[in-house]
1. Mind checking which aspartates and glutamates have their C-alpha under 13 Å from Lys350, skipping anything on the same chain fewer than 8 residues away?
2. Using the reciprocal of the averaged 1/r over all distinct C-alpha pairs, how large is the Kirkwood radius of region 1-156 in Å?
3. What percentage of all Cα-Cα pairs in the chain are separated by more than 28 Å?
4. What whole number of Å gives the distance from the Cα centroid of region 15-51 to the Cα centroid of region 97-134?
5. Among Lys32/Lys57; Lys212/Lys243; Lys17/Lys180; Lys212/Lys301; Lys120/Lys336; Lys244/Lys311, which pairs are too far apart, with a Cα-Cα distance over 29 Å?
6. How much area per residue is accessible in the chain when the probe is 1.4 Å and only protein heavy atoms are counted (Å²)?
7. For Met187, Met369, write out the residues from largest to smallest accessible area, computed with a 1.4 angstrom probe and no ligands counted.
8. Arg44 to Glu209: FRET efficiency via 1/(1 + (r/R0)^6), r the Cβ-Cβ distance, R0 51 Å, to the nearest 0.05?
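The values are calculated or read from the model by the stated rules, or taken from the named source; none is laboratory data. Because the structure is a prediction, the values reported are computed rather than measured. Neighbour counts are summed over all protein chains in view; Cβ atoms, including those assigned to glycine, are modelled from backbone coordinates with ideal geometry. For accessibility, only protein heavy atoms count, side chains too; no ligands or nucleic acids. Shrake-Rupley method; radii C 1.70, N 1.55, O 1.52, S 1.80 Å.
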Amino acid sequence: MRSEIIKSNQIFLSQLKNNFDLQDLESVEMNKEAMVNFTKRKLRNWIFIEYYNYFEKTPLIVTLSEIDSFIDGYRIIISDNMIVPIEIGFFHHVLTSELNYLTITKDSPSNFKTKIDYFKEFLVEIKSNFNLIDTLNSDIQHFTIDKSGFDQLFNNRIKGFLDLEELYNRINNLFDKLDKCYFMSLMNFDKQYYIKNYKNGEHAFFDFEEHKNPVVLREYPKDNETYHKAFKTAIVMHLEYRKKVLGWNNFPDEYRQVYEYAESLTNTRNSKQSPNDIPNLIIGDQGDDDNYPKHIFLNKKAFLLFETLNKKMTTHVQLSFLYRIMAEKDNLIVVKDTPFRNWYNNQEYKLQLEYNTKTLEQSKSDDRMTMYNVVKSLIFNE
């Protein structure tokens with residue numbers, strides 16, 4: 001049985017080697033999605049060829065399934081009960097070299113030269129993705145905060161209240177999921193892929209609100225403050241390590257929301273807003289009752305409320321709260337998330353809503369509720 005598997009694998013290997021070129025680019029449509037799929041097919045074949053020694057004794061259908069899972073975001077390949085040490089950084093060089101061997105014949109499509117140039121530009125665009133994936137699967141995958149160091153961030157009272165072992169594991173699990181999502185966006189060479197695969201379920205694996213305000217610490221403000229500082233420190237350690245090792249100037253989308261969450265753990269409590277802060281918000285003249293975006297807002301006062309508070313919005317989560325409470329609780333915004341974002345992004349506002357707004361539960365806080373209710377009272381009770 002084992003000899004038959006090896007023989008079958010060797011035949012398949014020979015076929016791949018004999019046909020591993022880019023001539024079939026002729027039949028690929030000239031758009032990004034087609035180029036992504038074409039590149040992933042070539043990567044699948046290259047992995048089988050390059051790491052054949054690991055796959056030789058494994059049934060072909062199992063091996064190809066493992067490779068496909070890796071490309072789809074699983075991040076590791078297991079063959080014959082061993083983890084295959086995949087590194088794909090060299091693959092970009094392979095593709096670039098193969099382009100030099102492409103030939104344009106009289107039977108080639110008329111746009112083949114243009115298609116080759118298009119693929120060359122695509123390869124330039126994605127050049128760093130492969131090396132980032134390798135780094136993600138080596139240095140990043142094995143990074144954790146030392147348990148003893150994590151434990152020392154908290155005082156004895158907090159240790160008595162909270163299961164720090166569980167919190168430690170949840171933070172590590174959070175970043176494992178974030179890394180997987182980032183891996184998928186790199187492997188698909190398209191940030192929009194991240195939106196579909198990550199944003200719709202980003203809070204399914206970590207209850208941000210529960211960890212931000214543990215019930216057992218609510219009556220102990222000093223301990224709560226210590227907890228927030230320690231919790232923030234643990235998150236920031238993960239983020240800063242990735243930023244350094246992966247060479248980021250700014251946090252990618254997958255991680256930026258967690259960074260904003262970490263900042264909110266201390267910022268909101270050090271700068272609590274109260275009704276006394278309201279004079280800093282300049283409420284504009286209501287003017288003509290018909291002069292407002294009627295397809296977005298219920299009435300002119302709703303638009304004025306939004307405009308007044310929007311001036312103070314500096315993060316995606318703040319703006320998410322404003323949209324959600326006006327749309328879902330008070331029915332002052334009359335459109336769903338997508339048309340609202342389309343309208344918002346076409347205005348001359350300082351923020352851009354590039355992805356779905358957070359839910360009300362994910363974005364609300366006592367400070368935001370206070371500010372919102374006070375300004376709403378000032379505008380609607382005039």
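1. Glu307
2. Details: mean 1/r = 0.0556 Å⁻¹.
Radius from the Kirkwood sum: 18.0 Å.
3. Values: 43543 of 72771 pairs.
So the pairs more than 28 Å apart make up 60 percent of the total in the chain.
4. If we compute the Cα centre of each part, the gap is 11 Å.
5. On the way: Lys32/Lys57 36 Å; Lys212/Lys243 24 Å; Lys17/Lys180 31 Å; Lys212/Lys301 33 Å; Lys120/Lys336 40 Å; Lys244/Lys311 33 Å.
Listed pairs above 29 Å: Lys32/Lys57; Lys17/Lys180; Lys212/Lys301; Lys120/Lys336; Lys244/Lys311.
6. On the way: 20130 Å² over 382 residues.
I get 53 Å² per residue for this part.
7. Details: Met187 0, Met369 55 Å².
I get Met369, Met187, largest accessible area first.
8. Working: r = 41 Å, r/R0 = 0.80.
Between Arg44 and Glu209 the formula returns 0.80.
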